[in-house]
1. Taking the 0 to 90 degree range and rounding to the nearest ten, how far is the long axis of helix 260-270 tilted relative to the main principal axis of the chain, both from C-alpha atoms?
2. Would you please classify the overall shape of segment 40-155 from the alpha carbon gyration tensor, given that a ≥ b ≥ c denote the square roots of the eigenvalues, rounded means a/c under 1.5, and beyond that prolate means a/b larger than b/c while oblate covers the rest?
3. Note the full-extension length gain between ALA216 and VAL244 as 0.36 nm times their separation in residues minus their Cα-Cα distance, in nm to one decimal.
4. What's the center-to-center distance, using Cα atoms, between segment 178-218 and segment 32-77 in Å?
5. Which value, in Å², gives the accessible area per residue of the chain when a 1.4 Å probe is used on the protein heavy atoms?
6. Mind giving me the nanometre distance, one decimal, between the label points for LYS87 and PHE73, set 7 Å out from Cα along Cα→Cβ?
7. Give the Debye-formula value of log10 I(q)/I(0) at each listed q (0.14, 0.15, 0.16 Å⁻¹), with one equal scatterer per alpha carbon of the chain, two decimals each.
8. For a test of the definition: using alpha carbon positions, the gyration tensor, and the 1.5 limit on a/c, classify segment 126-190 as rounded, prolate or oblate.
Amino acid sequence: MIGAVDIGGTKIAVGIVDDTGKVLAKLETPTEAARAYPDGLRHIARMLREAAQQANAELSGIGIGSTGWVYPFTGEFGDVDFLPGWKGCNPVNDLAREFNVRVALENDGDAAALGEAAWGAGKGKSRLIYITVGTGIGGGIILDGQLYRGADKSHPEVGHHVMDSSGPPCTCGFRGCWEALATGTAMAAWFTNEASAAGRRGENPSAKEIFQLAKAGDALAEKAVAREAHYLGLGLANLINLFVPDSIVLGGSIMKSMPLEDIRKVIAQGCRFVPFEQTELALASLGPDANLIGAAQVWHHRFGQAAGVA
């Protein structure tokens, strides 16, 4: 039984996950209540104890997935925008001492990739890329069954490869990176600008509402959806050309509305030098508990084999 901790900008969720990926109990608290590290650690420890009691389980270990810059092998937090007071703090060491179990930490994109590879849409695939598209674009890369890490064990930022250097600015410092062009936020901003230029002032729909408008026959919304499919397909084509994975698993709010066939058409235009047909596109399948399940798999990936756990 693994205690799973998912740390995000809005909430911190904690759950108990068995070795089949089933969530047996879960609790959550607003991230705002954890701005100060001692408060956050206290809330996480409390929720772990309460969840274990609800599941009638004894913890075998703890896995953590967190948005932002973390150091998996030291257990420390780097610059995480929504938790500035956590920089340099070490929840891995602190929770290990509190519960007397081993604790593992990963970026939440890597955690989700591990979860989908073990128990979700990517099960059985040794070369898998997980991509989530919502207000940002994140993900993780698994090659030959192992989580890919860059220099200094770093997490690759797949959302920040550049597709149009004259495109909109991004917080990363460049213009026209994937995240600046293909997120739900970017889609909504483009629609609002185009609507205003066409005399449709005051229209500021969300990405979800734009998809609904497109289904109702709104021409500008249809154009926005086509543009979204183009940039999503272009980014995925880049990844296929670079890695030729067995599978790309797609999650996040945008993918709930975007037809995969539209994306496949874009990919087919620019991947003719690799066997792109062999790369399966699949929607993430772990549902609303995906982040907790991924956090549990962080522990299994790091320690499970050594501990005799599947």
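The values are calculated or read from the model by the stated rules, or taken from the named source; none is laboratory data. Note that the structure is predicted; figures quoted are calculated from it, not measured. No Cβ is skipped: glycine too gets one built from the backbone with ideal geometry, and neighbour counts run over all protein chains shown. Each accessible area value is taken on the protein alone, full model and side chains, heavy atoms only, with ligands, DNA and RNA left out. Shrake-Rupley method; radii C 1.70, N 1.55, O 1.52, S 1.80 Å.
1. It is inclined by approximately 70 degrees.
2. Cα axes put segment 40-155 in the oblate bin.
3. Values: separation 28, 0.36 × 28 = 10.08 nm, distance 3.66 nm.
Here the segment from ALA216 to VAL244 would lengthen by 6.4 nm.
4. Centre-to-centre distance over Cα atoms comes out at 37 Å.
5. Computed with neighbouring chains in place, this is 47 Å² per residue.
6. 2.4
7. Reported log10 I(q)/I(0), two decimals: -1.06, -1.18, -1.28.
8. Values: a/c = 2.92, a/b = 1.87, b/c = 1.56.
Prolate shape, in that a/c is at least 1.5 and a/b is the bigger ratio.
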